[in-house]
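K.L.:
Please read through the structure below; I'll follow up with questions.
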Amino acid sequence: MQKTVVRQGDTVTLTLNPPAALTPPLPPAPLPRGTAGFRIEQHPACVPDDIESWVIPSVGYSTLTFPISGTGRVEFKVPPANRAKYARASQGETEVVVNGGPLDVVFTVVGAASNPSGTDTPGATYQGKAILTCPRVRPVTAG
């Protein structure tokens, strides 16, 4: 099945799985770079490393146990459902990111959230998901 190729500027909306929540929720963020070596509607296409090397530092969070907000950093992982080979006549195949499902999110505690009797553990991780939004006039597909 053909899927839309992700490009620089497409947006990512992320959420954490309970018990953690982003405080405040982040607005959709544009992907900062695309290095696939070709463009889609004047925007560079993305390879998995473009997304997996992107870190959003200092994001607020809280949990049910620790309702006083702390901070952490967000990292993304591109699952197999969001990877596809894209054939380029002169350069062979390139692995690109496609809009095939949610990305995996790893949130790592930097400044621990707290409550009156204690704090979360710095370095603790929480999982989440990120949804890609890829608006197109005419989609370019891979897979």
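Read the figures in this text as sums done on the coordinates, not as results from a lab. This one's a predicted model, so the numbers in the text were calculated from it and none came from an experiment. Here the Cβ is made from the backbone with ideal geometry for all residues, glycine too, and neighbour counts use every protein chain on show.
K.L.:
Whole-Hz Karplus ³J(HN,Hα) for segment 62-70, in order, using 6.51 cos²θ - 1.76 cosθ + 1.60 and θ = phi - 60°, x for Gly and Pro?
P.N.:
8, 10, 4, 6, 10, x, 7, 4, x
K.L.:
For the chain, just run the numbers: alpha carbon Rg, then divide by 2.2 N^0.38 Å, N being how many residues it has.
P.N.:
1.18
K.L.:
While we're here: What residues qualify as long-range amide H neighbours of ALA112, i.e. H under 5 Å apart, gap of 5 or more or another chain, H built at 1.01 Å from N?
P.N.:
Placed amide hydrogens put THR71 under 5 Å from ALA112.
K.L.:
Taking the dipole about the Cα centre of segment 3-133, with the C-beta of Lys and Arg at +1 and of Asp and Glu at -1, give me whichever of PRO57, GLY101, VAL5 is farthest to the positive side.
P.N.:
Positive-most Cα among the choices belongs to VAL5.
K.L.:
For segment 1-108, what is the relative contact order in percent, using Cα pairs closer than 8 Å and at least 6 residues apart in sequence?
P.N.:
Reported relative contact order: 27 percent.
K.L.:
Excluding VAL109 itself, calculate the net charge of residues whose Cβ lies under 15 Å from the Cβ of VAL109, where each Lys or Arg counts +1 and each Asp or Glu counts -1. It would help to have the intermediate numbers written out before the result.
P.N.:
Numbers: positive: ARG73; negative: GLU75, ASP120.
Neighbour charge sum, excluding VAL109 itself: -1.
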